[in-house]
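The values are calculated or read from the model by the stated rules, or taken from the named source; none is laboratory data. Computed from a prediction, not measured in an experiment: that's the story for all the values here. FYI the Cβ positions are ideal-geometry reconstructions off the backbone, even for glycines, and counts take in every protein chain you see.
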Amino acid sequence: MNNPIVPTIERNGTDLVVSSEQIALGADVQHKNVLELIEKHSGKLERFGHVAFETRDGYNNHKVRIALLNEQQSTLLMTFMRNTDRVVDFKVALVKGFYELARTVNQPLSPDEIVAQALAITSARVKELNSYIEVIEPKANAWDSIVSSAGSWSYNDAAKVLCEEGQIQVGEKRLVSKLIDWGFLYRDSKGRPHVYQRDLERGWFTVKARTYRDNVTGEERESSAPQVRLTGSGLDMVRSRLLGERNAA
């Protein structure tokens, strides 16, 4: 007697299944006859779950419709076949195949397998972090350059830099309101923001003379209201505070 065909048991999501092609091969019948038998007894088979179908590449790239049966469905299907010696031997091989694969799936991992899985997870995590660093590192370097520069920014320009480089969504009006709320600025009787001297001395702000052209003489004169601007370290201070507020929300 020929040795029975050892069926290939597959995983379909969380289920173990055998294809109708494997059943046809093992029972030594035509695949179309197996599909006809499945269609004929579909109501009985689906008492054990939905019968899944898919299309696979067959001989010469011909598309073949395949049924995927779980252990109960495939065992029941075999009872609908005539009991030749080949069919009986394949029934035994089928039950054994499901049992052995199920035991392998449910078997606890060995220490070496646990270590291997942990290393694989760690390696994937390292790749993920490296990809993240590749994205944020240029932005971090750009921000560091701004902070360490000797430049200064108006409230409007500072708001744009915070949006573009500091990843903080803030407009000029909200930025000024925040600086007032934090106690760095105050408004005069006309509602214009001014910086406290103590905060000017900290290096977070700088004062730039404002000039205008006299309409009568045409001469360029210095305004009595100089422009207060944020320095690089001031921008960094604002960004840290805004991030802190966002994270605490």
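Quick look at the values:
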| read-out | value |
| --- | --- |
| Failed criterion for Ile38 (all others in (1) of a type in the set (Val, Ile, Thr); (2) exposed (fewer than 14 other Cβ atoms within 10 Å of the Cβ); (3) touching a helix residue (DSSP H, G or I) at 6+ places or on another chain (Cβ under 9 Å) hold) | (2) |
| Tally of residues being within 26 Å of Ala102 (Cβ to Cβ) and under 35 Å from the mean Cα position of the chain (by Cα) across the stretch 34-88 | 12 |
| Residues being among the hydroxyl-bearing types (Ser, Thr, Tyr) and modelled with pLDDT of 90 or more - total across the stretch 11-41 | 2 |
| Pick from the stretch 181-210, criterion loosely packed, with under 14 Cβ neighbours inside 10 Å and of a type in the set (A, V, I, L, M, F, W, C), ranking: farthest from Val238 (Cα to Cα) | Ala209 |
| Filtered residues of the stretch 56-75 (kept if assigned to a helix (DSSP H, G or I) and crowded, with 16+ Cβ neighbours inside 10 Å) | Glu71, Gln73, Ser74, Thr75 |
| Tally, over the stretch 6-35, of residues that are assigned to a loop (DSSP other than H, G, I, E, B) and either aromatic (Phe, Trp, Tyr) or buried (at least 19 other Cβ atoms within 10 Å of the Cβ) (or both) | 2 |
